[in-house]
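Note sheet for the following structure.
The values are calculated or read from the model by the stated rules, or taken from the named source; none is laboratory data. What you are looking at is a predicted structure, and each value in this text was computed from that prediction instead of being measured. No Cβ is skipped: glycine too gets one built from the backbone with ideal geometry, and neighbour counts run over all protein chains shown.
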Amino acid sequence: MMLRATATLAALLALATPARAADDTIAQPTLRASITVTSDVVRVGDLIDNAGSAAQIPVYRSPDLGTTGALPVAQVLSVLRAKQVIGVMTGDIKEVSVTRLARTLVNKDLELAVATALERRFGLGDAANIGITFDRGMSDVRLDASNTGALQASATRYDARSGRFDLTFEINNEASSAPTKLRLTGTAIETVDVAVLTRDIDRTEMLKASDVTQERRPKAEVTGEPAVRERAVGMQLRRPMRAGSPIRTADLAKPDLVQRDQNVTVIYQTPGLYLTTRGKAIDNGAEGDVVSVLNLQSKRTLTGVVTGRGQVTIQSAPVTMPADQTSSLQRDETPAPIALAQSQISQAPAKSE
């Protein structure tokens with residue numbers, strides 16, 4: 001019966017002929033409280049110091065790879081006596097702990113090995129961007145400790161349409177000239193890091209930090225350049241999108257600071273002159289966009305640049321005319337920027353001298 005971590009071994013393996021008596025050793029054999037083994041068999045030399053010629057006699061099966069079991073001292077002594085090993089010093093030891101060493105390949109190691117074997121092959125990209133899912137939820141793999149070599153892919157099959165892979169790896173074994181083989185199957189899909197919406201978002205909403213998260217998604221789901229979360233926050237979508245949707249760079253736009261039919265502040269600015277009036281936006285516009293606005297006082301349509309939320313600025317170079325022509329200039333001949341300025345001046349109360 002195999003030694004396990006939850007139960008002690010009770011059965012002796014009759015794997016060898018009776019050993020010669022251990023009285024030919026110089027020092028008295030002494031029981032060890034804790035031992036580690038690498039093979040599938042526990043021998044007399046593993047259990048006691050100064051085992052002499054009896055050291056290679058097998059007495060127990062080892063625990064499972066990477067596990068620890070316990071043997072009561074009385075049972076160990078009984079087994080040793082049956083092998084003609086007597087006079088073993090036990091001191092105050094009550095039980096012997098037996099650990100079988102193993103090489104453990106954790107799931108992440110296996111994923112990396114598969115991704116590396118598929119990297120830049122079959123239309124896939126870098127290994128860091130390949131998502132691996134093993135069949136049957138495969139967990140960590142334990143190998144005999146003698147399997148010290150690197151995982152070398154010896155056979156590789158991949159179906160680009162389904163993403164299915166079937167890989168065989170070889171691992172050099174110190175105890176044997178033949179390498180150990182390990183077969184892994186599952187799916188491999190290239191992924192991208194992309195910003196994803198956490199809730200439904202309308203086109204007019206500005207994205208907040210809580211509206212966006214960063215996830216790994218299959219590359220096939222993102223047609224175009226994927227947006228990153230830091231770039232998306234504070235921006236506006238070009239169309240309504242549902243929760244869970246990946247965001248592309250092309251989906252983002254600067255937020256509209258001016259909405260169509262919105263009442264806005266119209267700023268007329270020229271060197272030495274700064275005037276404001278109320279207007280109504282005819283277009284939507286983000287910061288820096290050129291939009292048309294209706295001057296609510298003059299009922300004229302003007303063109304300006306969005307410079308803030310609900311704010312359109314009209315800038316013009318100063319108009320210079322000869323002094324002898326100024327007196328003959330009629331109101332209906334006044335250039336548009338000057339007409340706006342005079343309109344604003346006429347609205348201001350006269351100051352007392």
Report yes if Gly234 is at pLDDT below 90, over 18 Å from Asp200 (Cβ atoms) and out of contact with any Phe, Trp or Tyr (no Cβ under 6 Å at 6 or more places or on another chain), otherwise no. no
By residue number, the members of the range 193-246 that are among the basic types (Lys, Arg), under 30 Å from Ser162 (Cβ atoms) and either out of contact with any strand residue (DSSP E or B) (no Cβ under 6 Å at 6 or more places or on another chain) or in the same structural domain as Asp126 (by TED's automatic domain parsing) (or both) are Arg242
How do the pairs read when you match residues in the range 20-39 that are under 10 Å from Ala51 (Cβ atoms) with residues anywhere that are modelled with pLDDT under 60, using Cβ under 7 Å and keeping only pairs 6 or more apart or on different chains? Pro29/Ala22
Filter pass, Ala128 being in contact with a Ser or Thr (Cβ under 9 Å, 6 or more places away or on another chain) and either of a type in the set (Ser, Thr, Tyr) or not assigned by TED's automatic domain parsing to the domain that holds Thr36 (or both): no
Would you mention how many residues in the range 199-223 are part of a loop (DSSP other than H, G, I, E, B), of a type in the set (Asp, Glu) and either modelled with pLDDT of 95 or more or over 20 Å from Arg238 (Cβ atoms) (or both)? 1
Please list, ordered by first then second residue, the pairs with beta carbon atoms under 9 Å, 6 or more apart or interchain, first in the range 171-199 and over 30 Å from Thr213 (Cα atoms) and touching a residue at least 24 places away in the same chain (Cβ under 8 Å), second assigned to a loop (DSSP other than H, G, I, E, B) and aliphatic (A, V, I, L, M). Ile171/Ala150; Ile171/Leu151; Asn172/Ala150; Glu174/Ala145; Leu182/Leu151; Leu184/Met138; Thr185/Met138
Go through Gly186, Gly137 for me and flag whichever is modelled with pLDDT under 95, small (Gly, Ala, Ser) and more than 30 Å from Leu71 (Cβ to Cβ). Gly137
Residues satisfying the stated conditions in the range 69-103, i.e. within 16 Å of Ala54 (Cβ to Cβ) and in a helix (DSSP H, G or I): Val76, Leu77, Ser78, Val79, Leu80, Arg81, Ala82
Looking at the range 156-163, is at least one residue surrounded by 13 or more Cβ atoms within 10 Å (Cβ to Cβ) and either under 22 Å from the mean Cα position of the chain (by Cα) or of a type in the set (Lys, Arg) (or both)? yes
If I filter the range 115-130 for residues that are modelled with pLDDT under 95, surrounded by fewer than 17 Cβ atoms within 10 Å (Cβ to Cβ) and hydroxyl-bearing (Ser, Thr, Tyr), do I get at least one hit? no
Just a yes or no: is a residue in the range 85-99 free of Cβ contacts under 8 Å to residues at least 12 places away in the same chain, closer than 30 Å to Gly149 by Cα and either crowded, with 16+ Cβ neighbours inside 10 Å or among the acidic types (Asp, Glu) (or both)? no
Considering only residues that are hydroxyl-bearing (Ser, Thr, Tyr) and part of a loop (DSSP other than H, G, I, E, B), look in the range 172-198 and name the one that is farthest from Arg157 (Cα to Cα). Thr198
Of the criteria (1) free of Cβ contacts under 8 Å to residues at least 24 places away in the same chain; (2) among the hydroxyl-bearing types (Ser, Thr, Tyr); (3) farther than 29 Å from Met138 by Cα, which one Thr223 fails: (1)
Going by what's in this entry, would Val312 be described as surrounded by 17 or more Cβ atoms within 10 Å (Cβ to Cβ) and either touching a helix residue (DSSP H, G or I) at 6+ places or on another chain (Cβ under 8 Å) or not basic (Lys, Arg) (or both)? yes
Return the only residue of Leu124, Leu118 being under 30 Å from the mean Cα position of the chain (by Cα) and either closer than 19 Å to Glu170 by Cα or among the charged types (D, E, K, R) (or both). Leu118
Within the range 206-241, the count of residues that are acidic (Asp, Glu) and within 25 Å of Val258 (Cα to Cα) comes to 2
